[in-house]
Amino acid sequence: MEQEKHKRPEKKSKTLEEKTDEWIEKAESFIDDTAEMIHNSDPYRKVGKQIDKSTQSLLKKAGRWWGKMSK
């Protein structure tokens, strides 16, 4: 009788596959949250704008060169 009082209830152990799925979900959630924080940051926006300006400048120069070559 006393043994039954002190006995701990058995926990249902999770399978390795269930644990792996939980870890994958946590990792994906962490990656998504971090990516969103990066995309919303000011440095990321500034770099994006600078890349757009640089790309436009290069395309304009390429257009001028193309016009000179085709004549």
Q.
Can you tell me the length gained on complete extension of the stretch LYS61 to LYS46, counting 0.36 nm per residue apart and subtracting the Cα distance?
A. 3.1 nm
Q) With no solvent and one point per C-alpha, what does the Debye sum give as log10 I(q)/I(0) for region 18-70 at q = 0.25, 0.27, 0.29 Å⁻¹? A) -0.89, -0.94, -0.98
(Q) Spelling out what I want: for every residue of region 40-49, take phi, set θ = phi - 60°, compute 6.51 cos²θ - 1.76 cosθ + 1.60 (Karplus), and round to whole Hz; glycine and proline get x. (A) 8, 7, 5, x, 5, 5, 4, 5, x, 5
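No value in this document is a laboratory result; all are computed from the given coordinates. No experiment lies behind these values; they were computed from the predicted model shown.
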